[in-house]
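The values are calculated or read from the model by the stated rules, or taken from the named source; none is laboratory data. Note that the structure is a prediction, hence the values are computed from the model and not measured. Heads up, the Cβs are rebuilt from the backbone with ideal geometry, glycines too, and the neighbour counts pull from every protein chain shown. Heads up: the accessible areas ignore ligands, DNA and RNA and are worked out on the full protein's heavy atoms, side chains in. Shrake-Rupley method; radii C 1.70, N 1.55, O 1.52, S 1.80 Å.
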Amino acid sequence: MDVNAIEVILVEDDPAVREGSAQALDLAGFTVRAFDSAEPARELLASQSRAVLVSDVRLPGMSGLELLAAVRAVDPDLPVILVTGHGDIAMAVQAMHDGAYDFIEKPYSSVQLADVVRRAADKRRLQLEVHELRQRLAHSQGIDAALLGNAPAMRELRRLILEVASQPADVLVYGETGTGKELVARCLHEFSERARHQYVAINCGAIPETIFESELFGHEAGAFTGAGKRQVGKIEHASGGTLFLDEIESLPLAMQVKLLRVLQERHVERLGSVQPLPVDVRVIAASKDDLQELVKAGQFRADLYYRLNLIVLHIPPLRERRDDIPLLFEHFMLDAARRYRRDVPSVPAAHMQALLRHDWPGNVRELRNAADRYVLGLGGALPGMATGPAAAETPAASLADQVGAFERALIEQALRSAGGNVGSACTALTLPKQTMYHKMQKYGLVADDYR
């Protein structure tokens, strides 16, 4: 534990007690700043201070209770530990009702002081981590950049991911092949407190059944022929972080039993060992098939299904959010141009219409591949484009449709560049605000989607 990340502000007017307490906290690994009165300590404490306050109640000038009130006015979550004399217990209990974290009574031991400060520091550290996480989510384009799309289903998916990311419960993600199930899993990991630890992904359909147990649970040296040394399993490696099990529907029934035990007991046993190893891991499972139907067919264990079926996220297929195709295709072309060091090609209206017509059975992955080929000049006829005689029979988009699509793209680009600020976007496009709002309503554009 990095106790030095949280500073202890100590306020005590008795020099001997102040020196002894500071020394005890210093030996416990804390950085301490000691004061003989409340006023200078109050000046140090601001909102989101990386600090814990320890203060005597009876002080010259401002009292410890007054300091508590002043600190809570600035940051009501900052832990305040009050030190009371004999006979002040009733007052200390009232102070805790007023927001104090804890109190200790004189005389106290060094161990007692260090323990209560350590608990308060742990709480403060967690508070700051959550605050920093929320700030990052609120002020960055992180998840919007990772999961592109303005379709209502995608906006709802992003909202749900941010809502459940820090929940401890396991998650089940449904989506067709190529919709981005692992991308959703990574977002759940990256936007949670587990982001500092490992993200481990396993494709359950890609590992031979004969070695699956060893891969998942690990093994000791000599556990089986060829096991020359100990191997840490994927579950153990993911402890503290996230384990992503893709294609969970492909997991052999024998492994389903063992995975269920891990989820229930939160420990693993390596092959060749009887020693249980505790693991703190969040499991995100993904499937392209309806697991409930597989349960009915006897191909998936009901108990494992109900264990995983706590938080369920559904990723919409690309054909159900066709309006996102131009945005996604442009994004993938820019990425491909950077990787291949090519110029970004223009996309004629007929080509974009072809992309919009295609059903995209491979979903976003197929669209990305199409963008790569297009940038490399290897695309030929894009998916959805008719070839041969049928091509002449395919009606081209009307001029009005093409102009409208172009106008919408320009407005979207301006809003994106302006971070959702309509006024700045109006200036860039030299449009009156009234006209801008009218066109945004016409195309279903919302400024908040670009912030």
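Express in nm, to one decimal, how much length is gained between residue 435 and residue 416 on full extension, taking 0.36 nm for each residue of separation and deducting their alpha carbon distance.
Details: separation 19, 0.36 × 19 = 6.84 nm, distance 1.81 nm.
Result: 5.0 nm gained on full extension.
Measure up 234/288; 181/234; 181/229 against 29 Å on the Cα-Cα distance and list the ones that go over. Kindly include the intermediate steps, with their values, before the conclusion.
Numbers: 234/288 22 Å; 181/234 19 Å; 181/229 34 Å.
Table pairs above 29 Å Cα-Cα are 181/229.
Once you have the Cα-Cα distance between residue 109 and residue 343, take 0.36 nm times their residue separation minus that, and quote the gain in nm to one decimal. Intermediate results must be reported in sequence, preceding the final value.
Details: separation 234, 0.36 × 234 = 84.24 nm, distance 7.02 nm.
Additional length available on full extension: 77.2 nm.
Lys/Arg Cβ at +1, Asp/Glu Cβ at -1, dipole of the chain taken about the Cα centre: which of 243, 430, 345 is farthest positive-ward?
Working it through, the farthest residue towards the positive pole turns out to be 345.
Suppose accessible area is computed on protein heavy atoms with a 1.4 Å probe; arrange 279, 446 from highest to lowest.
On the way: 279 10, 446 70 Å².
Reading off the accessible areas and sorting them downward yields 446, 279.
About the Cα centre, and with charges only on the beta carbon of Lys, Arg (+1) and Asp, Glu (-1), how big is the dipole of the chain? Nearest 20 debye, please.
I would put it at about 1300 debye.
Using a cut-off of 14 Å between beta-carbons, work out the net charge of the residues near residue 186 (Lys and Arg +1, Asp and Glu -1, residue 186 not included).
Working: positive: 158, 181, 194, 282; negative: 182, 190, 246.
Taking every Cβ under 14 Å from that of residue 186, the sum is +1.
As a test question: what accessible area, to the nearest 10 Å², does residue 26 have when a 1.4 Å probe is rolled over all protein chains in place?
Here the residue's solvent-accessible area equals roughly 100 Å².
Ranked highest first by average number of other Cβ atoms within 10 Å, how do 363-372, 154-163, 206-215 line up? All intermediate terms of the calculation are to be shown ahead of the outcome.
Working: 363-372: 20.0, 154-163: 16.9, 206-215: 13.8.
Packing order, densest peptide first, comes out as 363-372, 154-163, 206-215.
State, as an integer percentage, the relative contact order of segment 270-372 based on alpha-carbon contacts under 8 Å between residues 6 or more apart.
Numbers: 43 pairs, mean separation 26.8, N = 103.
With pairs under 8 Å counted, the relative contact order is 26 percent.
Quick check: at a probe of 1.4 Å, how many percent of the accessible area of the chain sits on carbon and sulfur atoms?
Details: 11920 of 22720 Å².
Exposed carbon and sulfur together represent 52 percent of the surface.
Per residue, how much accessible area does the chain show when a 1.4 Å probe rolls over the protein heavy atoms, in square angstrom? Walk me through the intermediate numbers first.
On the way: 22720 Å² over 451 residues.
With all protein chains present, the chain gives 50 Å² per residue.
With a 1.4 Å probe and all protein chains in place, put 242, 225, 427 in order of accessible area, largest first. Can you show the working numbers first?
Numbers: 242 0, 225 140, 427 105 Å².
In descending accessible area the options line up as 225, 427, 242.
Counting Lys and Arg as +1 and Asp and Glu as -1, each charge on the Cβ, what is the dipole of segment 303-345 about the Cα centre in debye, to the nearest 20? Walk me through the numbers on the way to the answer.
Details: 8 positive and 7 negative charges, 44 e Å.
It works out to roughly 200 debye.
Work out the charge dipole of the chain with +1 on the Cβ of Lys and Arg and -1 on the Cβ of Asp and Glu about the Cα centre, then indicate which of 281, 107, 256 is farthest towards its positive end.
The listed residue farthest towards the positive side: 256.
Sort 100-106, 338-344 by the packing proxy (mean of other Cβ within 10 Å over each peptide's residues), most packed first. Kindly include the intermediate steps, with their values, before the conclusion.
Details: 100-106: 18.3, 338-344: 10.6.
Per-residue Cβ counts within 10 Å, averaged per peptide and sorted highest first, yield 100-106, 338-344.
Taking the Cβ of residue 318 as the center, what net charge do the other residues with Cβ under 13 Å away carry, scoring Lys and Arg +1 and Asp and Glu -1?
Details: positive: 319, 321, 322, 357, 365, 368; negative: 176, 320, 323, 324, 359, 366.
Its environment carries a net charge of 0.
Only Cα pairs under 8 Å and at least 6 apart count here; give the relative contact order of the chain as a rounded whole percent. Provide the component values of the computation, followed by the final result.
Numbers: 677 pairs, mean separation 49.8, N = 451.
11 percent.
With every protein chain left in place and a probe of 1.4 Å, what is the accessible surface of residue 197, to the nearest 10 Å²?
90
How much length would be gained if the chain were fully extended between residue 376 and residue 297, taking 0.36 nm per residue of separation minus their Cα-Cα distance, in nm to one decimal?
Working: separation 79, 0.36 × 79 = 28.44 nm, distance 4.54 nm.
Full extension from residue 376 to residue 297 adds 23.9 nm.
Charges on Cβ only, +1 for Lys and Arg, -1 for Asp and Glu, centred on the Cα centroid of the chain; of 334, 79, 150, which one is farthest towards the dipole's positive end?
Of 334, 79, 150, it is 334.
Which entry is the computed Kirkwood radius over Cα pairs in Å for this structure: (i) 22.6; (ii) 26.9; (iii) 24.5?
(ii)
Considering the zone a paramagnetic label at residue 23 would reach in this model (a point 7 Å from Cα along the Cα-to-Cβ line), which residues of segment 34-48 have amide N under 16 Å from it?
Hits in segment 34-48 for residue 23 at 16 Å: 34.
Please give, to one decimal in nm, the separation of the simple spin-label points placed at residue 151 and residue 306, each 7 Å out from Cα toward the Cβ.
Taking the two extended label points, one gets 3.3 nm.
Over what distance in Å are the Cα centres of segment 16-90 and segment 268-347 separated?
49
Quote the charge dipole size of segment 162-205 about the Cα centre in Debye, to the nearest 20; the model charges only the Cβ of Lys and Arg (+1) and of Asp and Glu (-1).
Numbers: 4 positive and 6 negative charges, 28 e Å.
Dipole of segment 162-205, to the nearest 20 debye: 140 debye.
Taking only C-alpha pairs under 8 Å that are 6+ residues apart, what is the relative contact order of segment 165-250 in percent? Spell out each step's value before the answer.
On the way: 108 pairs, mean separation 29.8, N = 86.
Result for segment 165-250 is 35 percent.
Could you work out the local net charge near residue 371, counting Lys and Arg as +1, Asp and Glu as -1, over the other residues with Cβ closer than 9 Å to its Cβ? Present the calculation step by step, with values, prior to reporting the outcome.
Details: positive: 368, 373; negative: 330, 335, 372.
Here the charged neighbours net out to -1.
Between residue 322 and residue 47, how high is the FRET efficiency from 1/(1 + (r/R0)^6) when r is the Cβ-Cβ distance and R₀ = 51 Å? Nearest 0.05.
Here the calculated transfer efficiency is 0.65.
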